[in-house]
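The values are calculated or read from the model by the stated rules, or taken from the named source; none is laboratory data. None of the values given here were measured: they were computed from a predicted structure. Quick note on the areas: whole protein, heavy atoms, side chains included, nothing else; ligands and nucleic acids left out. Shrake-Rupley method; radii C 1.70, N 1.55, O 1.52, S 1.80 Å.
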Amino acid sequence: MKVIVITQARSGSTRLPNKVLKKIEGKTLLQIHIDRIKKARLVDDIYIATTRNKEDDGIVNLADNLDVKYHRGSEDDVLDRFYQTVKDIRPSFIVRLTADCPLIDPALIDEVVNSAKEKDLDYYANTIEELYPDGQDVEVFKFSALEKAWKETNLKSDREHVTPYIRNNSSYKGGSLFKSDNHGLDYNYNHVRLTVDEPQDFKVIVKMISALGLEKDWKTYADYYIKNKNIHSLNSNIIRNEGFIKSLDKD
């Protein structure tokens, strides 16, 4: 069963332009992100899904330098961007990540992939119930689920954010189209922000890497964030999934 990671990346963020190309200790956030993904044992290949915009040439150049494949597609229809990336490969499972999460945990990726395969689920994620830190989101879904969503939904928020159609029609949510489950956690870490949407988030990641380096697991980073007020006070007032909320408002 082939497993392909697709991580979406673009330069045109309104809140923090060119964020994935910002550097910490000589490495871009995108490189830190990719280097950590490469340590996942159950991943067969990695693709960066970016846009056709000229401003994203830098992401393509970095993909080449990191020896990672890429696909260029629609800026707004990210569901189509994902589908076009793998439509000829038709992998068994796709792992959806976002490149603004530099400290993504490869062991967590493996946990979610392994459970999705063992349970033979159409959709398995740690985001149906948000107990993990923002910045540790891992969604795994079958190619058949991606293709069905691509064919059936025209809602803007579904197409911009890739998985809402699958998640909202999944068995965990009471739906009948996709067999699903949630990767849970005993303790709620959803107030921890390890993602980069705003300038303050970038400052947090700089401090975290300066203190702990680039090799720690998600829980070590999260516990350090919680224990250090000078860090979590920087971005704790930022709303989680603000972009998705704005998309729903536009619907």
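Structure values in brief
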read-out	value
Whole-Hz couplings from phi, Karplus 6.51/-1.76/1.60, listed for the stretch 152-164; x for Gly and Pro	9, 9, 10, 5, 4, 5, 5, 7, 6, 10, 6, 9, x
Solvent-accessible area per residue, Å², over the chain with all protein chains present [probe radius 1.4 Å]	44
Set of lysines with alpha-carbon distance to K2 below 17 Å, sequence-local pairs under 8 removed	K38, K39, K69, K87, K117, K119, K142
Cα gyration tensor, the stretch 120-200 - rounded (a/c under 1.5), prolate or oblate	oblate
Reduced Cα scattering model of the stretch 1-60, Debye log10 I(q)/I(0), q = 0.20, 0.23 Å⁻¹	-0.80, -0.97
Antiparallel DSSP beta bridges within the stretch 93-251, as percent of all bridges there, nearest 5	60
Size of the chain as Cα extents on the principal axes (Å, biggest first)	46, 43, 39
Contact order relative to length of the stretch 118-251, as percent, for alpha carbon pairs under 8 angstrom and 6 or more apart	27
Percentage, to the nearest whole number, of Cα pairs in the stretch 47-116 over 14 Å apart	66
Dimensions (Å) - the stretch 5-121, Cα atoms, principal axes, largest first	40, 32, 26
Contact order relative to length of the chain, as percent, for alpha carbon pairs under 8 angstrom and 6 or more apart	19
The chain: most fluctuating residue of G135, G26, G184 per GNM, C-alpha cutoff 10 Å	G26
³J(HN,Hα), Karplus 6.51/-1.76/1.60, whole Hz, each residue of the stretch 217-224, x for Gly, Pro	7, 4, 5, 4, 5, 5, 5, 5
In Å, descending, principal axis extents of the Cα set of the stretch 104-251	46, 38, 22
Scattering curve values for the stretch 69-163, log₁₀ I(q)/I(0), Debye with Cα scatterers, q = 0.12, 0.18, 0.19, 0.23 Å⁻¹	-0.38, -0.88, -0.98, -1.36
Whole-Hz ³J(HN,Hα) from phi, Karplus 6.51 cos²θ - 1.76 cosθ + 1.60, for the stretch 191-203, glycine and proline x	8, 8, 10, 10, 10, 10, 10, 10, x, 5, 4, 4, 4
Cross-link pairs beyond the 32 Å C-alpha cut-off, checked among K23/K229; K19/K219; K23/K151	K23/K151
Whole-Å semi-axes of the stretch 166-251's equivalent ellipsoid (Cα gyration tensor)	30, 18, 11
Percent accessible area from carbon and sulfur atoms, the stretch 72-223, protein chains only, probe 1.4 Å	42
